[in-house]
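Here is the structure we will look at.
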Amino acid sequence: MTQFTDLGLGAPILKALADEKYETPTPIQAQSIPLLLKGHDLLGVAQTGTGKTAAFGLPLIQMLSEDTRPLQPKTTRALILSPTRELAQQINDSLKTYSRHVRLRTAVVVGGVSIRSQIRALERGTDILVATPGRLLDLINNRAVRLDELTHFVLDEADQMLDLGFIHDLKRLVKMLPPKRQSLFFSATMPKTIADLASAFLTNPEKVSVAPVASTAEKIDQRVIFTQTPEKMQQLSGLLKGDGVSRAIVFTRTKHGADKVVRDLGRNGIEAAAIHGNKSQGQRQRALGSFKTGNMRVLVATDIAARGIDVDGISHVVNYDLPNVPETYVHRIGRTARAGAEGIAVSICVPEEYIYLRDIERLTSRSLDLMPGADPDTDPRATFSSRNLTAPKRNGGGGNRQGRNGGGGQGRNGGGGQGRNGAPGAGRFADGGRGEGGRGDGGRGEGGRAERPGGGRSKPFRGGAGRSSGRPSGGSSRHGAAD
Ligand code: AMP
């Protein structure tokens, strides 16, 4: 088996890894580190949780620490772009850990906090700058930083960047980069839109790919509770008060829903905090901080806010609302069972979510187990095949659409007319943007027909041309939620 000592990393980095008790490289690290140290561009298909940060961070630290030229004011040698504030912060924390035995200056710039201290931090120049695109552009416009001395560029979570509407910001930023540079491009998925974007950024890239979360999800004990809407909170409280729940993330589909769950849990004597795009950066950091230190056991989150969050030891992931996009389920449950640990994912499912459950079970090719002790007669799934499952009519047509592109029930990337049951993996960008409120579907065009996995046509969903399907529709908020 490959060891860290086989990869060409220097003693100070190996020491930092030993301090962290990392014993062996993860597959993406073993594949990427030697290629990057040789100076190749890289196209990586991998998600957070695979050890991706060290895969690009360690070679970056090594190469930059060998560069003895003095830093020029207001420049950076390496730029790492991240779609969300939390992920940017986390990348910076990891880089600080890995570079603790070398002299490098790193900085993180994200929206939602004062720009002044960031301007000061950039004054003397940085070796590695981790940034979200919007704030970085603001700083460039303020002449607080320039990119003309840059030698290394990393675009992380490219699919999420596009989902969040950063494509124009990205294109503007890339025009500012010197053509002679090493570029790295990571994405959890690689549909054509992303592959095209990658080819515009990279020169003769080496390609690495590691198992998608869908396969790592097998380690997770996945359960379902069937209940009715008025009993949902009682079920959640009972679950969280149960044995073995040491650290739980509860997912809701909307920001408003997250706040309500926190309030209701409080009434039931369970302390929790919410993180979502309407919270200030300070509130989000505090909530995440007390969750990480163990002062607070329960974090309630929306999908975007939780994306990329890396907290060890999450015992339970609870889907208080089932996601209406099945891939989101896989991302959510991937918060537990990290780095080989085992975890439990519980979905609380009410009748209007049966259709979502069916989609999740199709995508993951498994049937979720009933909670131990639950009466098998309460399981409605036996009737799923014969039942005409229809999408819930929550929030009418308007829903929680909040994105700048979220008009008319159509998602940001709204390929017109595709229903929500598009075959798994078939171009997530063709079927409407997704965001904190779900995804915008029922788009324009051919009357919103639903393609069933397997190819057969289903009945068209209600709300075709230009109307919403009635499901909560998405579109994402760039400001607040992401940047
Ligand atoms: P990432 O995908 O970069 O977010 O990493 C996921 C988690 O795995 C983080 O908590 C890292 O600290 C941890 N990690 C990364 N590489 C290793 C390794 N080789 N051995 C053990 N843990 C690791």
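Details
- Semi-axes of the equivalent ellipsoid of the range 220-383 are 24, 17, 15 Å, computed as sqrt(5λ) over the eigenvalues of the C-alpha gyration tensor in descending order.
- The Cα atoms of the range 119-213 define a convex hull whose projected area, averaged across directions, is 6.8 nm².
- Distance from the Cα centroid of the range 227-249 to that of the range 1-51 is 39 Å (rounded to whole angstrom).
- Using only side-chain charges placed at the Cβ, +1 for Lys and Arg and -1 for Asp and Glu, the dipole size of the range 4-209 relative to its Cα centre rounds to 740 debye.
- Top positive-direction residue, dipole computed over the range 65-218 with Cβ charges, set 139, 187, 203: 139
- Accessible area, probe 1.4 Å, largest first, for residues 138, 221, 312: 312, 138, 221
- Over the range 220-383, Cα pairs under 8 Å with separation of 6+ residues give a relative contact order of 33 percent.
- Radius of gyration and maximum dimension Dmax of the range 67-133, Cα, Å: 11.6, 34
- A simple charge model with +1 on the Cβ of Lys and Arg, -1 on the Cβ of Asp and Glu and nothing else charged puts the dipole of the range 220-383 at about 740 debye relative to its Cα centre.
- Positive-end residue of 348, 290, 230, charge dipole of the range 220-383 with Cβ unit charges: 290
- Largest-first ordering by accessible area, 1.4 Å probe, given options 99, 117: 117, 99
- Cα convex hull volume per residue for the range 234-293 (Å³): 83
- P(r) for the range 4-209, from all Cα pairs and a bin width of 10 Å, is 9, 38, 39, 14, 0 %, short bins first.
- Peptides 364-377, 290-303 ranked from most to least packed give 290-303, 364-377, packing being the mean of other C-beta atoms within 10 angstrom over each peptide's residues.
- Summed over the residues of the range 276-361 and divided among them, the accessible surface reaches 28 Å² per residue at a probe radius of 1.4 Å.
The values are calculated or read from the model by the stated rules, or taken from the named source; none is laboratory data. Just so we're clear, the structure is a prediction, and the values are computed from it rather than from any experiment. Reconstructed Cβ throughout: ideal geometry from the backbone, glycine too, with neighbour counts over all protein chains shown. Surface accessibility is based on the protein's heavy atoms, side chains included, excluding ligands, DNA and RNA. Shrake-Rupley method; radii C 1.70, N 1.55, O 1.52, S 1.80 Å.
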